[in-house]
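Data first, discussion second: the structure below is written as structure tokens.
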Amino acid sequence: MNEPLVLGIETSCDETGVGIVRGHTLLADAVASSVDEHARFGGVVPEVASRAHLEAMVPTIERACETAGIRLHDVDAIAVTNGPGLAGALLVGVAAAKALALGLGKPIYGVNHLASHVAVDQLEHGALPEPCLALLVSGGHSSLLRVDDVTTGVEPLGSTIDDAAGEAFDKVARLLGLPFPGGPYIDRAAASGNSIAIDFPRGLSARKDLERHRFDFSFSGLKTAVARWVEARERSGESVPVNDVAASFQEAVCDVLVRKALDAAGHHGIEDILIGGGVAANSRLRALAEERAAGLGIRVRVPRPGLCTDNGAMVAALGSEMVARGRTPSPLDLPADSSLPVTSVLA
Ligand code: KG4
Ligand code: ZN
């Protein structure tokens, strides 16, 4: 018998994602992004995102079905991100998923956005190693998670105490006059810069910080340090070496992310690290993680960049795992929760 066909809907931020999977096989990953509409504001505007989700929802569902070569009636279950994320944006996805579940008479699974970032790797590299250590880094979140079973057992080990890693990339890019979202532009500029040109601070890495914040991150001090450095250069009438600043900043972020992820893996005796979220697309982060992990006998899994950024396939992947493990579907009146904790994997 065929494995169940699961349709996943993601609307927690500015991407309207609809993915369709069968087991661990990806059949369609349709994404409509409103990122261009936010660019001139230098960040995502919640009301603009909600409106864009409303407009994109039906066409994106249709496009996903067409790509997968299926009809909506073929779907066995609906999965939807019910948090965390922007409240209004989440509501659009949850309402659409409820309508589909009710209309088709199929079960609905309200799933956690962060756990979906972990589950998506199954579409590319097969079943998740258990346990694994997940480093999730995006514009909205930066956390270290111990994952024993992605459908039930996700334990937060640490997270950012101020800015998310992607947010730091975006803010520093803005400071350097690079477009939004800044991550890919910093990545590109850094490729021809010197990463040891400027010694930027490594947040929460000093001995006294490690006592309370061993697995937590902080990027706001780094962002301020970059701003001060650039201001001083401008004040003295010198030009700003954008590539060197980008490379040195990127090195500071990646150094801390990798160091803390490996420390957490070592502390928990975990031999597999999974990196997810938009910042996982960063070339230096991938290279540094692989290089340092290899020396410790730790394996690193990173989904391809298109699966790291927000998409519907990741939600379908987690929904599919819920079905495979026989988890009880969510009630049809499941709520959207903008501050859903990562420990709440299924509504
Ligand atoms: O996961 P995602 O698409 O959305 C959120 O849930 O936030 O992540 C978007 C973030 C943005 O901050 C963007 O600048 C960052 O991921 N990003 C990168 C790269 N590509 C995207 N950061 C660093 N290097 C990249 N290559
Ligand atoms: Zn995300």
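Things to note:
- Filtered by the rule that a residue be buried (at least 21 other Cβ atoms within 10 Å of the Cβ) and in a helix (DSSP H, G or I), the range 66-82 gives a lone residue, 68.
- Considering the range 261-347, the qualifying helices (runs of 4 or more DSSP H), each wholly inside and each with 2 or more residues that are over 26 Å from residue 11 (Cα atoms), run over 283-296.
- When the range 2-39 is filtered for residues that are in a loop (DSSP other than H, G, I, E, B), on the phi < 0 side of the Ramachandran plot and away from ligand 1 (no atom under 16 Å from the Cβ), the ones remaining, listed by number, are 2, 3, 4, 24.
- For the range 122-141, taking the residues that are at pLDDT 95 or above and within 14 Å of ligand 1 (Cβ to nearest atom), the one that is farthest from residue 163 (Cα to Cα) is identified as 134.
- Of the residues screened, residue 338 is one that is at pLDDT 95 or above, touching a strand residue (DSSP E or B) at 6+ places or on another chain (Cβ under 8 Å), within 14 Å of ligand 1 (Cβ to nearest atom) and open to solvent by 20 Å² or more (accessible area, probe 1.4 Å).
- Counting only strands (runs of 3 or more DSSP E) wholly contained in the range 95-200, the ones carrying 1 or more residues that are open to solvent by 10 Å² or more (accessible area, probe 1.4 Å) occupy 108-112, 142-149, 153-159.
The values are calculated or read from the model by the stated rules, or taken from the named source; none is laboratory data. Note that the coordinates shown come from a computational prediction; the quantities given were computed from them, not determined experimentally. Reconstructed Cβ throughout: ideal geometry from the backbone, glycine too, with neighbour counts over all protein chains shown. Quick note on the areas: whole protein, heavy atoms, side chains included, nothing else; ligands and nucleic acids left out. Shrake-Rupley method; radii C 1.70, N 1.55, O 1.52, S 1.80 Å.
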